[in-house]
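Notes for the one structure printed next.
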Amino acid sequence: MDFLPDDQKNTFLSEALSRQRVIDLDGIAVTIALFHQRTSTPNEATAFHTHEYHEYSFVRSGSICYEIEGERCERKPVETIFIPAGKRHRWMTGPIPVVLDGFMLSIAAPPPYRSFVASISALAKESHYRMRSPAAVLPEIDREIEGNAPYARRRVHALVTDMIYWLFRENFTRALGASAAAPPSVSSRREMALYTKALAFISAHISEPITPARVASELGFSARYINRIFNRFAGMSSGEYMREMKLGRSFVALSGTSRASIAEVAASIGMRDVSYFTRLFHKRYGMSPRDMRDAV
């Protein structure tokens, strides 16, 4: 089966998702940090790594072996892998190239859903990192991209959003019900709306040297108040969140097929000082950007 070229599909997806990457699932904020297609080379392997995103991937063709915290997980076409944030993992392919469609998601919520967010890692391990998925949506996304008819980008956005709703409804409903004794308060919903606006602004300006003060000014609140909201929803300050998102974007770029230079990758996340970027990357991932690229 033929698939769209990675560059064509990923450019379209980036444009389709650029307007709204944050989905409010009745009190839970899900940010689509990335949704892309990746075609491996034969016998390709990554180094062990972790990242701050939940990785939700679909095998479109070929077979692939993941190793997650010492557990081997074989996947073949139409199967999925869900790797929670912070899980140490790597993957290896065989002699046949593998085509993967993947989400990178961040999930945040205030009480009463905080315990659900904390339980995602255990829920994924219990299911052997496999999630039920609407696989039929993926070819539909490809058809929309290839046809590029009027409203194609809006329809692709709707299809991707629907996949997020499907993921939660089909895999997490019981855990969500158990963790929520009462619906979020009015103030929590108000803060959720502000938090999602902040995430959308950060995502749209991630290639710039943005600061917490600029985010707060854009939203019309003090930096102290915005930091309080980030600590409540994300468990970190807005500055820490921006740094994590920037480093996460750079990790994806360096572990992918792009041959951009280290300086170009750093510039793409708003960091002009390559030495500073290298220090931050090494501290976060335990290896330099160049070592990360060489390991792929």
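Miscellaneous remarks
- Of the numbered criteria (1) assigned to a helix (DSSP H, G or I); (2) among the aliphatic types (A, V, I, L, M); (3) open to solvent by less than 20 Å² (accessible area, probe 1.4 Å), the one Ala118 fails is (3).
- Hey, Met271 in a loop (DSSP other than H, G, I, E, B) and surrounded by 20 or more Cβ atoms within 10 Å (Cβ to Cβ) or not: yes
- Any chance Ile107 is closer than 17 Å to Leu25 by Cα, assigned to a strand (DSSP E or B) and touching a residue at least 40 places away in the same chain (Cβ under 8 Å): yes
To keep it simple, each residue is scored yes or no on (1) among the basic types (Lys, Arg); (2) crowded, with 21+ Cβ neighbours inside 10 Å.
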{"residue": "Thr93", "(1), (2)": "no, no"}
{"residue": "Gly102", "(1), (2)": "no, no"}
{"residue": "Ala124", "(1), (2)": "no, yes"}
{"residue": "His128", "(1), (2)": "no, no"}
{"residue": "Arg132", "(1), (2)": "yes, no"}
{"residue": "Val137", "(1), (2)": "no, no"}
{"residue": "Glu140", "(1), (2)": "no, no"}
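- The single condition among (1) under 24 Å from Ser288 (Cα atoms); (2) among the β-branched types (Val, Ile, Thr); (3) at pLDDT 90 or above that Thr46 does not satisfy is (3).
- Counted residues, region 241-268 - those being of a type in the set (S, T, N, Q) and either crowded, with 22+ Cβ neighbours inside 10 Å or more than 20 Å from Ser203 (Cβ to Cβ) (or both): 3
- Annotation: of all residues in region 205-259 being assigned to a helix (DSSP H, G or I), small (Gly, Ala, Ser) and closer than 26 Å to Thr50 by Cβ, the one that is modelled with the lowest pLDDT is Ser255.
- Against the list (1) closer than 16 Å to Gly102 by Cβ; (2) buried (at least 17 other Cβ atoms within 10 Å of the Cβ); (3) of a type outside the set (D, E, K, R), the condition Ser14 fails is (2).
- Residues that are assigned to a strand (DSSP E or B), touching a Lys or Arg at 6+ places or on another chain (Cβ under 9 Å), among the acidic types (Asp, Glu) and open to solvent by 40 Å² or more (accessible area, probe 1.4 Å), drawn from region 36-80: Glu71
The values are calculated or read from the model by the stated rules, or taken from the named source; none is laboratory data. As the structure is a prediction and not an experimental result, all values here were calculated from the model. We place every Cβ from the backbone using ideal geometry, glycine too, and count neighbours over all the protein chains shown. Please note that ligands, DNA and RNA were not included when accessible areas were found on the heavy atoms of the full protein model with its side chains. Shrake-Rupley method; radii C 1.70, N 1.55, O 1.52, S 1.80 Å.
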